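The values are calculated or read from the model by the stated rules, or taken from the named source; none is laboratory data. Computed from a prediction, not measured in an experiment: that's the story for all the values here. Using ideal geometry, Cβ is built from the backbone for each residue, glycine included, and neighbour counts are taken over all protein chains shown. To get the accessible areas, we keep the full protein, side chains included, count just its heavy atoms, and leave off ligands, DNA and RNA. Shrake-Rupley method; radii C 1.70, N 1.55, O 1.52, S 1.80 Å.
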Amino acid sequence: MESNRELFDRYQRDVYRTCYYMVHDPSDAEDLTQEVFITLFRSNREHIEQLKAWIMKVTVNHCLNYLKRRNSLHTKVSANPHLFTGIESKPVDRLVEERESAEEWAVYMNRLPAKIRAVLTLRYMHDFTLGEISELLSIPLGTVKSRTHKGLRLMERILRDAGVQLPEWEGDNYEQNKRNLEA
């Protein structure tokens, strides 16, 4: 079993990024990250099989509770590129490009409702399966699927409104379109 320090070192970045994408305020994300780790340190982790999934569940629940208490979202984008990049030794132009991209996505994600944002964050930022997200958020699988579908549709509308060029699909058959792209 990992010590508290090892647990913090290993998952601090994922927890912070999830909090940041959920609340869009660096100082609130830091506070939530501290609260999450206090909860984790006080919890009995001996029988947890999927440690990262459990940590992300605790994180998302803390963020959702915070958003419920706060009642209104504040839109702020961090000017710290180290929050969004994996390695500090990247070339400056790449760091700037990644920071701008992360800031854009943070703004787009902020336009989504919190529950949909939570599902999309777990699905596409942390690569959890729909079943894992269902367990993490304690919601039915069908709800995860509908929130994912609705979130992607909303994000498509947001991106189109922002002038982002998206590929044109023929109808709503994603499998057919996927095969067309692979051909």
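A few notes on this one:
- For segment 124-140, the tally of residues that are within 12 Å of residue 50 (Cα to Cα) and free of Cβ contacts under 8 Å to residues at least 24 places away in the same chain stands at 0.
- Figure legend. Inter-residue proximity from segment 1-26: first residues under 30 Å from residue 113 (Cβ atoms) and open to solvent by 20 Å² or more (accessible area, probe 1.4 Å), second residues part of a loop (DSSP other than H, G, I, E, B) and of a type in the set (S, T, N, Q), beta-carbon distance below 8 Å, spacing 6+ or different chains. Indicated pairs: 26/78; 26/80.
- Residue match in segment 136-159 (condition: among the basic types (Lys, Arg), under 26 Å from residue 12 (Cβ atoms), in a helix (DSSP H, G or I) and modelled with pLDDT under 90): no
- Residue match in segment 117-129 (condition: under 18 Å from residue 151 (Cα atoms), modelled with pLDDT of 85 or more, open to solvent by 50 Å² or more (accessible area, probe 1.4 Å) and not aromatic (Phe, Trp, Tyr)): yes
- Residues in segment 29-54 that are among the hydrophobic types (A, V, I, L, M, F, W, C) and either under 15 Å from residue 3 (Cα atoms) or open to solvent by 80 Å² or more (accessible area, probe 1.4 Å) (or both): 37, 38, 40, 41, 48, 51.
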